[in-house]
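Here's the structure, in structure tokens; my notes come after.
The values are calculated or read from the model by the stated rules, or taken from the named source; none is laboratory data. Since we're looking at a predicted model, the values are computed, not measured. Counting neighbours? That spans all protein chains shown, and the Cβs are built from the backbone with ideal geometry, glycine included. Only protein heavy atoms, including side chains, enter the accessible area calculation; ligands, DNA and RNA are left aside. Shrake-Rupley method; radii C 1.70, N 1.55, O 1.52, S 1.80 Å.
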Amino acid sequence: MINKNKLFRQIHIYLSIFFLPCALLYAITGICYISGIHDDVGMKTNTYTLNKAINSGEERLTLMEFLKENKLKLPKDELITNKKRKSDEISIGSLHYSASIAKNDENSYTITTQTKSLLGDMILLHKDKGAWYFSVMGIGFGLCMLALYVSGLIITFFAIKRDRNKQILTFIFGCAVTFLLGYISI
């Protein structure tokens, strides 16, 4: 027969270890974002001017040709998107690396390449701007945090009886501070 207390501890330990990298990512990027560091931190941006008449609808093809001709990095084929950031700008690429073309006037275009830093990429993952794969990990992490806190409270409140009143008061105090600071912050 498996000891229930031991089973809860094993689940608690291995879930904590598995999700530790995800927890560190969310903690580091959350602190950075609250401190005013955003996804453009360390971003390398290069801007080029293209003087050429481009037929409507051929902007993406012209952008790809420009990147090839100037030996600039091409976005990975499987990650190429064709989205408009602004009404006159077309962007291709991924979160980490993208290239865009925007019309200045009749025969002038601005081409911009952007490469995000590792921290910038991590902040975008935190903000759920990446592919769905990491979103699944984030949801799993959130559910895991609920399970870890519930199991931790069960272990603490029911298995360790000697400081139960202090533990309950600490929990109530934490709830009060969280709600108060949340209320006065909105």
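Structure notes:
- Matching residues in region 152-178 - criterion: being charged (D, E, K, R) and not in a helix (DSSP H, G or I): Lys161, Arg162, Asp163
- Criterion violated by Asn104 - all others in (1) open to solvent by 30 Å² or more (accessible area, probe 1.4 Å); (2) over 16 Å from Ile54 (Cβ atoms); (3) not small (Gly, Ala, Ser) satisfied: (2)
- Close contacts from region 152-169, counting a first residue that is under 22 Å from Asn3 (Cβ atoms) and a second that is open to solvent by less than 70 Å² (accessible area, probe 1.4 Å) and at pLDDT below 75, with Cβ to Cβ under 8 Å and a gap of 6+ residues or different chains, come to Ile155/Asn5; Ala159/Asn5; Arg164/Phe157.
- Looking only at region 1-56, and only at residues there that are more than 15 Å from the chain's Cα centre (by Cα) and aromatic (Phe, Trp, Tyr), the one that is farthest from Tyr109 (Cα to Cα): Phe8
- Region 100-117, residues that are within 20 Å of Met43 (Cα to Cα), without any contact (Cβ under 8 Å) to a residue 24 or more places away in the chain and of a type outside the set (Gly, Ala, Ser): none
- When residues in region 40-66 are screened for being touching a residue at least 12 places away in the same chain (Cβ under 8 Å), aliphatic (A, V, I, L, M) and part of a helix (DSSP H, G or I), 2 of them pass.
- Listed by first and then second residue, the pairs linking a residue in region 127-138 that is at pLDDT 90 or above and open to solvent by less than 90 Å² (accessible area, probe 1.4 Å) to a residue that is not polar (S, T, N, Q) and not in a helix (DSSP H, G or I), with Cβ atoms under 7 Å apart and 6 or more places separating them unless they lie on different chains, are Ser135/Asp128; Gly138/Asp128.
- As for region 108-116, it holds no residue that is open to solvent by less than 30 Å² (accessible area, probe 1.4 Å), closer than 23 Å to Ile13 by Cα, hydrophobic (A, V, I, L, M, F, W, C) and in contact with a Phe, Trp or Tyr (Cβ under 6 Å, 6 or more places away or on another chain).
- Some residue of region 26-39 being open to solvent by 40 Å² or more (accessible area, probe 1.4 Å), of a type in the set (S, T, N, Q), touching a residue at least 60 places away in the same chain (Cβ under 8 Å) and within 30 Å of Gly142 (Cβ to Cβ): no
- Across region 143-161, the qualifying residues are those that are exposed (fewer than 13 other Cβ atoms within 10 Å of the Cβ) and at pLDDT 90 or above, and the one among them that is nearest to Tyr97 (Cα to Cα) is Leu143.
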